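The next block holds one structure in the form of structure tokens; read it before the comments.
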Amino acid sequence: MDSYTLPYTFSQRAQQLTSSTIREILKVTERPEIISFAGGLPAPKGFPIDVMQAAFNRVLETKGETALQYGPTEGYAPLRAWVAEDLKRVGADVSPDEVLIVSGSQQALDMLGKLFIDPGSKVLVEAPSYLGALQSFSLFEPEYVAVPTDDGGLVPEGLTDERTAGARFIYVLPNFQNPTGLTLDLARRKALVERCAAAQVPIVEDDPYGDLRYAGEALPGLLGLGRAAGATVIRLGTFSKVLAPGLRLGYIVAPKPIIAKLVQIKQATDLHTASLTQMAVYETVKDGFLTTHMPMVRDLYKEQCGYMLEAMDEHFPTTVSWTRPEGGMFIWVTLPEHIDGSKLLARAIEQNVAFVPGAPFFAGSHPQTNTMRLSFVTVSEARIREGIAILGKLIKES
Ligand code: N5F
């Protein structure tokens, strides 16, 4: 945009900002005829609407004045305590005052950018990584350094002294990574936290999908492992994938000095996260609702993932490879080198099928363009099979 032709001037930061590819594709996928494998939109069948309606009602009836009032920036104290207690499941022992409630983990990513990144600051990311995080961090103009990955996800040996020197943090998704669907095994988790402890690089562990495991064994999170190894770990969690993303409710767990700074940043951002939402979610989860609710969601996703993998085995040519996730929402596809995911998307949309091309998930100037991310959670079995058959045909024609 030529800002000098306008009667106002945007900041350089804003001028560099680009739209999220996912959000742009979502505009197209609102058309009902589109079979969308694009957004990581949780299956609405999993939304506990009745339970949440009752919870909102109870909060308004019994604590209405508090729920409709401004609240503390740190968040609703009982919810912070619940989060701290819940983290024992991933092997972490934290106190409630190390928990800050935020308006979705996307807000946490923005706040971490504000906290850690100056123009030119080194930030370590997986290649590929969650494009929404790259979009958040990029506002603060970091210099990204990509850490190599292979079939097992991030390669800890790739954290060489040269890469880690002076890095402000490393951003990692250990479970069913967005976009690859890959999970770091225990040995890699341990090696990662040890290297980061030695190099004094804080770890930002983003784990929205950890509770969506439907195969394999649960592994301890980086928070507990990292603390034991002397690393600084900041963990991001969210209610988006276990309850509903429209709630816009998530949390950050970090050592107290980091929480204190983040509280100042959040004050400047939005004062605090919606009181009513926090209280209703606490009311929903406090007596163990998720332990009965999550198996239903996991079964649903496991089934959906199976349909997509089956259809891919049937329709995709042998020149294409893809990941087989143990949980989460995404399958990552590597096409023959001459096929560009963005061009394939343009042709797929003409045939009413959408996905997210892989390139925007790569920080820096060498994206792997022959890739795409497929989400299997929101579309019915019949439409998964139909959409994958169309994609298979388009790939063969390319
Ligand atoms: O907690 P919330 O809903 O703000 O989740 C943001 C988020 C943070 N970190 C990772 C690794 C994520 O995958 C997400 C959500 N990502 C979805 C996706 O499709 O990649 C949702 C994006 C949907 C949208 O832009 O509408």
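Quick note: the coordinates plus some simple rules give every number you see, no bench work behind them. What you are looking at is a predicted structure, and each value in this text was computed from that prediction instead of being measured. Counting neighbours? That spans all protein chains shown, and the Cβs are built from the backbone with ideal geometry, glycine included.
Annotations
- DSSP beta bridges fully contained in the chain are about 55 percent antiparallel.
- Distance (nanometres) between label positions extended 7 Å along Cα→Cβ at E397 and V263: 5.9 nm
- The helix-only estimate of mean residue ellipticity at 222 nm for the chain, built from DSSP H runs of length n ≥ 4 each weighted as -39500 (n - 2.57), is -13000 deg cm²/dmol after division by the residue total.
- Neighbours of G64 by Cβ distance under 13 Å: Lys/Arg scored +1, Asp/Glu scored -1, total -1.
- Listed residue (P119, N352, P148) projecting farthest to the positive dipole end of the chain, Cβ model: P119
- Relative contact order of the chain, taken over Cα pairs closer than 8 Å and 6 or more residues apart, is 23 percent.
- Take every Cα pair under 8 Å whose residues are at least 6 apart in sequence, average their separation, divide by the length of the stretch 69-287, and the relative contact order is 28 percent.
- Mean separation of Cα pairs under 8 Å and 6 or more residues apart, divided by the residue count, gives the stretch 284-398 a relative contact order of 32 percent.
- Gyration tensor over alpha-carbon atoms, the stretch 69-287, equivalent ellipsoid semi-axes in Å: 27, 20, 16
- Fraction of beta bridges assigned by DSSP in the stretch 69-287 that are antiparallel (%, nearest 5): 40 percent
- Amide H to amide H, with H built 1.01 Å from N, L249 comes under 5 Å of G104, F239, S240, counting only residues 5 or more places away or on other chains.
- With only Cα atoms counted, the chain has Rg and Dmax values of 21.1, 62 Å.
- Cβ charges +1 (Lys, Arg) and -1 (Asp, Glu), total dipole of the stretch 158-307, debye: 340 debye
- Inter-centroid distance (Cα atoms) of the stretch 122-195 relative to the stretch 246-266, Å: 21 Å
- Integer Hz, Karplus 6.51/-1.76/1.60 couplings in order for the stretch 156-172, x for Gly and Pro: x, 4, x, 7, 6, 4, 4, 5, 7, 4, x, 5, 6, 6, 10, 9, 10
- In this structure, the amide hydrogen of E143, modeled 1.01 Å from its nitrogen in the peptide plane, lies closer than 5 angstrom to those of G120, S121, K122, V123, counting only residues at least 5 positions away or on a different chain.
- When peptides 148-161, 66-79, 33-46 are ranked by their average number of other Cβ atoms within 10 Å per residue, the highest-first order is 33-46, 66-79, 148-161.
- Highest-fluctuation residue, F362, F116, F289 considered, GNM on the chain with Cα pairs under 10 Å: F289
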